[in-house]
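No lab work stands behind these numbers, since they all come straight from the coordinates. In this text, all values refer to a predicted model and were calculated from it rather than measured experimentally. In this analysis, Cβ positions are derived from the backbone assuming ideal geometry, glycine residues included, and neighbour counts consider all displayed protein chains.
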Amino acid sequence: MGLIGIGGQGRIHLRNCLRLKKAKLIGVADISETSLKFAKKLGIRNVYKNYDDLLSNQQIDAVIISLPNFLHFESVTKAAEAGKDIFLEKPLARNVAEGRKILSNVKRNGVKLMLGYNMRFTTTLRKLHEKIADGFFGEVEIVQATNVSHGPFTPKGGIKTLRSVPSWWFNKDLAGGGALLDLGSHLINLLSWYFGEVKNVESYLGYKFNMELEDSAICILKFRTGPLATINVGWFSKDLIQSIQICGTAKNLSMHLSPPSISHLIFRDIRRKLGIFKYDSYYTELKYFVECLWNDASPSPSGEEGLSDLQVISMAYKHSHNLA
Amino acid sequence: MSLVSFVRANDSSIDALKKAIKRSLNLIRFSFARSINKIVIKPNMCYYYPPSTGEVTSPQFVSAVIDIFRENLSINPDFFIVESDASAMKCKYVFKMLGYHRIAKEKNVKLINLSEEKNKIVDIKVNGWYLRFYIPEIFHESDFLINVPKIKYMADVKITCALKNMYGCNAYPRKSIYHVALNEAIVGINKIIKPDLVIVDGLIVYGKNTRRLNLVMASKDPVALDAAASNVMGIDPTSVHQLVLASKENIGNLEFIPVGEAFSYVKQSFPAKSVKDKIRETLASTYLRIFHE
């Protein structure tokens, strides 16, 4: 495997790649010397400043692409043309048109494409999927999902260290969208996995930070299968919360996903210190991707699912109310 | 000893705020009877936090300060709201995100990114450290400097208020290089640039948590003001290295006379960290050192 992009998310993938049993990380590419040094320290021999060089490495069968949104189209297209299977960090693209072009290029070159929606690989959320399918909740009528944080401005590594925010995050053309695309895409993908196709969307967007991009959004989704869902996302808070509430005819459930409890964090750190690796959602999704490649199976979340998420987001932007 | 005033605004309206700022200035016997043509205002815009978190100076507060000076000075001076880029924060974004662009338009004042201004290198020695600062020329060209800080805890230097806010007057953007001698760097910049007046935006304060206090503090002496702020936060000023050092360097006086609102009342209202909080914090930082360094 090869890894393109060793920013915040890329570093998570890099560490996880090194733990994969059925795949070997052959090389990494990034424009930053610091990032390449980081990869070298972890034992990666082939480091490239230009990802074209990584793509021309014949030893590499598949690539993980963890680049800014505005580079997805070009990098996926080049990777597909080089015949590499692709794991792409969400979102698929900046908009529906770009997403369609990506899918067409992937299809034309006959490679596999999986999108990195790590929430889909969280143990509790996977169990929830089973429960919904098993009818545990009866008919689900109302769902509320929340993902509020400081978004791209969040201090790194859980430690209160302020970080420099790459300029593309502030640019609508380069990012494609704000909190709704960044955080909302996770929840839209998750709820679509649970409940199927979205029939109607309406949204309320907030612009507290006076940017072109929305920094908060409330989205109301009506699913063809019946449930009415509200998703709340925001980049405005110093604090972090991820939660989901499901109300059905037979059972209701409220689940707090993040921040994790102090005891959870302590156990995680002790395990790390002792070298006992815990399989988190980022690792699990990569492991699954590799399994799909070995078994020649189609991975999910697929490119088509990613396109469908973009269509919902596009509808949400179209049918949005600016309450400012 | 220097005067430090404490005034609480009746509510968060602009009129109540202006009244409180005016009273806080009267209490420290500040006189507007002077000729000022160019006023520089230095708020705290440390990061992309909304002012409601208590982390950054509210643009409404700065707007009220501008109004008061315009109403009380015999001539209408030019105002410049200044901040510099930092390792993690860029002025071109923070001015807009915090709403300062709106104030600039409404009040016809200029927003200045100090990192883009002409500057002069000044080398200085503090407590055995040789430090180099890049001092923007605007500070030499202006007649009056108003420091408008927040009042907050900060792990490395215990408190951040008037003295620490001046740190942002250094044009050099990669400020993390000063972190090896942060106390000395804070004192160094205050030796070079001295504010004429400090007015603290204590509308929303950030202690162990965020709290609306509608508090205004003012002083002509940044060290006295920080000593008072430190006291309010439950920290002995003589245990704050930057304050002791600043006093030794004759930047100001560690002793202060509180005027206005009962000092004990202000102290009681501030969400100060309890002994339990401090123990928890020490344990947390020890823990982070073990597991995350």
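Tabulated data for the structure shown
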| item | result |
| --- | --- |
| Per principal axis, descending, Cα span of the stretch A:181-324 in whole Å | 51, 41, 39 |
| Largest-first ellipsoid semi-axes for the stretch B:86-171, taking √(5λ) over the Cα gyration tensor eigenvalues, angstrom | 24, 18, 13 |
| Summed side-chain charge close to residue A:223 - residues other than residue A:223 whose Cβ falls under 14 Å, Lys, Arg +1, Asp, Glu -1 | -2 |
| Per-residue average of Cβ from other chains inside 10 Å of B:47-54 | 5 |
| Distance histogram for the stretch A:158-254 (every C-alpha pair counted, 10 angstrom bins, percent rounded to whole numbers) | 14, 40, 31, 13, 2 |
| Over the stretch B:226-293 - Rg/Rh using Cα atoms and the Kirkwood inverse-distance radius | 1.10 |
| Orientation-averaged projected area, Cα convex hull of the stretch A:1-147 (nm²) | 10.8 nm² |
| Calculated over chain A: convex hull of Cα atoms, volume per residue (Å³) | 138 Å³ |
| Overall dimensions of the stretch A:40-117 by Cα: Rg and Dmax, Å | 12.5, 40 |
| Charge dipole magnitude, Cβ of K and R +1, D and E -1 - chain A, Cα centre, debye nearest 20 | 1180 debye |
| Inter-centroid distance (Cα atoms) of the stretch A:101-118 relative to the stretch A:26-91, Å | 15 Å |
| Computed magnitude of the charge dipole of the stretch B:64-168 (debye, nearest 20; Cβ of K, R +1, Cβ of D, E -1) | 400 debye |
| Cα convex hull of the stretch B:127-238 - mean projected area over all directions, nm² | 7.4 nm² |
| Lys/Arg +1, Asp/Glu -1 at C-beta; the stretch B:2-292 dipole; positive extreme among B:181, B:3, B:246 | B:181 |
| For the stretch B:2-292, alpha-carbon Rg relative to the globular expectation (2.2 N^0.38 Å, N residues) | 0.95 |
| Percentage of interatomic Cα-Cα distances in the protein assembly as shown larger than 34 Å | 51 percent |
| Degrees separating the helix A:8-17 axis from the principal Cα axis of chain A, which is the longest one | 60 degrees |
| In Å, descending, principal axis extents of the Cα set of the stretch A:244-310 | 41, 39, 24 |
| Protection-proxy order for peptides A:259-267, A:213-221, B:1-9, each taking the mean of Cβ atoms within 10 Å per residue, highest first | A:213-221, B:1-9, A:259-267 |
| Dipole moment magnitude, nearest 20 debye, the protein assembly as shown about Cα centre, only Lys, Arg, Asp, Glu C-beta charged | 1120 debye |
| Average projection area in nm² (convex hull over Cα atoms of the stretch B:1-121, one quarter of hull surface) | 9.3 nm² |
| C-alpha center-to-center spacing [the stretch A:203-258, the stretch B:226-271] in angstrom | 44 Å |
